[in-house]
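*Asks:* Here it is, the structure, as structure tokens.
The values are calculated or read from the model by the stated rules, or taken from the named source; none is laboratory data. Note that the coordinates shown come from a computational prediction; the quantities given were computed from them, not determined experimentally. Cβ coordinates were reconstructed from backbone atoms using ideal geometry, including for glycine residues, and neighbour counts include every protein chain displayed. Please note that ligands, DNA and RNA were not included when accessible areas were found on the heavy atoms of the full protein model with its side chains. Shrake-Rupley method; radii C 1.70, N 1.55, O 1.52, S 1.80 Å.
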Amino acid sequence: MLVQKPRRPRPKRTQITDVKSVSAPVGGINARDSIAEMPPTDAIVMENWFPGTTNIAVRNGSQAWTQAIPGLVESLMAYSAQDGTRTLFAAAGAGIYDAKQKNHVNTAVVTGLTSAQWQHTNFGTPGGEFLVCVNGADPLQLFDGSNWQAVTALSTPIAITGIDTSSLIAVAPYKSRLIFLEKNSLRFWYLPVLQLGGAAASFDLGSQFRLGGYLMAFASWNMDTVQGPQDYAAFISSEGEVAIYQGYDPSIPGAWSLTGVFRIGRPIGRRCCQKVGSDVYVISVDGLYPLSAALLADRSQNSKALSNKITNLINLDVQLYGGNLGWQVVLYPTGNKLIINVPQIAGQVQYQYVMNTITGAWTKFTGWQAACWEVMGDQLFFGTLNRVVLADVGVNDSHKQISTDLKVAFSDFGASGQQKQWTMVRPVFSSDDDFSVNAIMNMDFADNAANAALTLPKSIGASSWNFAIWDSAPWAQGMRTRLTWETVGGIGFYASLRLQTLSKAAQVSLQSIDYAFLAGGVL
């Protein structure tokens, strides 16, 4: 008789938790690629975070610089004297105001004006350094370091004849002379070399622009050629045609010649150009383009745009807000930032697309209601309703909290087609004070706002000098890593962490994100 041996129970298989760590999204916003194929270091939403080279940080704050300016500040104009002193002027309503000193009473230095939308340049002559301003509605305004003068055909000590200076709407230097654009015209005007006044001469570009329109902007452009570095004059029409000239005197045929004409997207606003190094960047309906790239590429080659990863966002903004005043591109070298100002509601609601000039990563700033921008020295300013604001300083906006929103790229964490159960997440922050964080795990391309508060280790406050007990009271800690595993729930193939923070007294940066999940079978 055979006796069947009892079967031994099989040991239970223990499901192992996988842990994956992903760098902070230093690649910035990606509005170009499929969200299923996006690099893990990119972000679907990034608001009020600035992507650095190794982490992302909550943007810096802002401080009120001047108060009680009547109306919306629509232009900021920085003047730099030859002795190194600097002055900032703000144009609002019918006047131009001295905004040099913080918390200073803003006095009107020019009154009785029609428009506050000025284009300006600093221009040096043997007689000194001057600020030259035009707006297409009022006579040219000239500041010599001490006094303002309205320049007309009959003004003294400086006069410009041959053109009504009220029709001049843009100005820039080229080859030691001033170049002016005439409002609603394809003519430009120029003065003698190193002169602020005299007889203005014109040059008509109408035959070069097949799409018509009017001159929108002018810039001096430097290019390297086989002959070495060369200076070119770039005239940009309202329809996106660019005429490039070379030479030093438009009145002499042999000393002034057309180099070529090419197309870019239609430029947006009078402040569409920014000189960056030897190149010129132009904000247009196609995004932000360097002229050097546009010269060699067709408009359809969006990969040449600096804003390639956010071109879809800019295109939508242009469709919705392209007619609003306040579009501007500005370079802020000290902060490693290139800023595109978007006037969602002219004079009321603005936001900015900001590029890290080192990495080329883009983000979006909100909370700065900027109608115009200016860089003076190493400081960044913007104009808003009734005041001038110093930007990119401190950790709050005039004692108001800074709110952020971040939705990192979806990822399958190397297990494509395999369902996963997420159990925990650990964002790794660094900060020097307390702040609040909400989070949520979005599964399979969902778009839910963060709704669960995270519990982070609290700061140990610094002790007051001359009151604390020596060798007992805590010292200030400075920047501190704050990390803790948080329980999350969700089952899906792809996941994305969304974080929303509020901070008022803290410098905050995100270093990385750790995920813990259980891998299931292939379904």
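*Asks:* If we keep just the residues of segment 114-146 that are in contact with an Asp or Glu (Cβ under 7 Å, 6 or more places away or on another chain) and open to solvent by less than 20 Å² (accessible area, probe 1.4 Å), which is farthest from GLY84 (Cα to Cα)?
*Replies:* Within segment 114-146, the match that is farthest from GLY84 (Cα to Cα) is ALA116.
*Asks:* Still on this model: Identify all residues within segment 152-172 that are surrounded by 16 or more Cβ atoms within 10 Å (Cβ to Cβ) and part of a strand (DSSP E or B); write none if there are none.
*Replies:* ILE160, LEU168, ILE169, ALA170, VAL171, ALA172
*Asks:* Moving on. Mind checking which pairs have a first residue in segment 168-181 that is under 10 Å from GLN119 (Cα atoms) and a second that is of a type in the set (S, T, N, Q), Cβ under 8 Å, 6 or more apart or different chains?
*Replies:* Going by the 8 Å Cβ cut-off, the qualifying pairs are ILE169/GLN119; ILE169/ASN135; ALA170/GLN119; VAL171/GLN119; VAL171/THR121; ALA172/THR121; ALA172/SER220.
*Asks:* Test GLN352 against the criterion of being of a type outside the set (Lys, Arg), free of Cβ contacts under 8 Å to residues at least 40 places away in the same chain and open to solvent by less than 10 Å² (accessible area, probe 1.4 Å), and give yes or no.
*Replies:* Spelling it out, GLN352 is indeed of a type outside the set (Lys, Arg), free of Cβ contacts under 8 Å to residues at least 40 places away in the same chain and open to solvent by less than 10 Å² (accessible area, probe 1.4 Å).
*Asks:* Also, quick follow-up: Any idea which residue in segment 49-70 is farthest from LEU406 (Cα to Cα), counting only those that are within 18 Å of the chain's Cα centre (by Cα) and crowded, with 22+ Cβ neighbours inside 10 Å?
*Replies:* So the residue we want is SER62.
The rows are residues; the columns are (1) in contact with a helix residue (DSSP H, G or I) (Cβ under 6 Å, 6 or more places away or on another chain); (2) at positive phi.
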| residue | (1), (2) |
| --- | --- |
| ALA293 | yes, no |
| ASN312 | no, no |
| LEU331 | no, no |
| THR357 | no, no |
| TRP362 | yes, no |
| GLY377 | no, yes |
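*Asks:* Being at pLDDT 95 or above, touching a Cys at 6+ places or on another chain (Cβ under 7 Å) and either open to solvent by 40 Å² or more (accessible area, probe 1.4 Å) or under 23 Å from ALA90 (Cα atoms) (or both) is the requirement here; does GLN149 meet it?
*Replies:* no
*Asks:* I'd like to check something: does segment 501-514 contain any residue that is polar (S, T, N, Q), modelled with pLDDT of 90 or more, within 15 Å of SER21 (Cβ to Cβ) and surrounded by fewer than 20 Cβ atoms within 10 Å (Cβ to Cβ)?
*Replies:* yes
*Asks:* Would you be able to say whether some residue in segment 487-499 is assigned to a strand (DSSP E or B), at pLDDT below 85 and over 27 Å from the mean Cα position of the chain (by Cα)?
*Replies:* Yes, because at least one residue in segment 487-499 is assigned to a strand (DSSP E or B), at pLDDT below 85 and over 27 Å from the mean Cα position of the chain (by Cα).
*Asks:* Just to be sure I understand the filter: pairs with C-beta atoms under 9 Å, separated by 6 or more residues or on different chains, first member in segment 468-492 and over 30 Å from GLY414 (Cα atoms), second member open to solvent by 90 Å² or more (accessible area, probe 1.4 Å) and at pLDDT below 55. Which pairs pass?
*Replies:* ALA473/PHE467
*Asks:* A further question follows. For segment 342-365, which positions are of a type outside the set (Phe, Trp, Tyr), under 28 Å from TYR79 (Cα atoms) and under 13 Å from the mean Cα position of the chain (by Cα)?
*Replies:* Within segment 342-365, VAL342, PRO343, GLN350, GLN352, VAL354, MET355, ASN356, THR357 meet the criteria.
*Asks:* OK, next. Going residue by residue through segment 295-316, is there one that turns out to be modelled with pLDDT of 90 or more, surrounded by 15 or more Cβ atoms within 10 Å (Cβ to Cβ) and within 18 Å of SER220 (Cβ to Cβ)?
*Replies:* No, segment 295-316 has no match at all.
Let's see how each residue does on (1) open to solvent by less than 20 Å² (accessible area, probe 1.4 Å); (2) touching a residue at least 60 places away in the same chain (Cβ under 8 Å); (3) of a type in the set (Asp, Glu); (4) not in a strand (DSSP E or B):
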{"position": "LYS364", "(1), (2), (3), (4)": "no, yes, no, no"}
{"position": "ALA370", "(1), (2), (3), (4)": "yes, no, no, yes"}
{"position": "GLY383", "(1), (2), (3), (4)": "yes, yes, no, no"}
{"position": "VAL388", "(1), (2), (3), (4)": "yes, yes, no, no"}
{"position": "ARG426", "(1), (2), (3), (4)": "no, yes, no, no"}
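Residues checked against (1) within 23 Å of the chain's Cα centre (by Cα); (2) touching a residue at least 40 places away in the same chain (Cβ under 8 Å); (3) open to solvent by 10 Å² or more (accessible area, probe 1.4 Å):
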{"site": "SER75", "(1), (2), (3)": "yes, yes, no"}
{"site": "ARG86", "(1), (2), (3)": "no, yes, yes"}
{"site": "ASN103", "(1), (2), (3)": "no, no, yes"}
{"site": "ASN106", "(1), (2), (3)": "no, yes, yes"}
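*Asks:* Next up: Pick from GLY377, GLY414: which is of a type outside the set (A, V, I, L, M, F, W, C), out of contact with any strand residue (DSSP E or B) (no Cβ under 7 Å at 6 or more places or on another chain) and surrounded by fewer than 22 Cβ atoms within 10 Å (Cβ to Cβ)?
*Replies:* Of the residues listed, the single one that is of a type outside the set (A, V, I, L, M, F, W, C), out of contact with any strand residue (DSSP E or B) (no Cβ under 7 Å at 6 or more places or on another chain) and surrounded by fewer than 22 Cβ atoms within 10 Å (Cβ to Cβ) is GLY414.
*Asks:* Only one of these is in contact with a Pro (Cβ under 6 Å, 6 or more places away or on another chain) and either within 30 Å of GLN348 (Cα to Cα) or among the small types (Gly, Ala, Ser) (or both): GLY326, GLY277. Name it.
*Replies:* Matching residue, one of GLY326, GLY277: GLY326.
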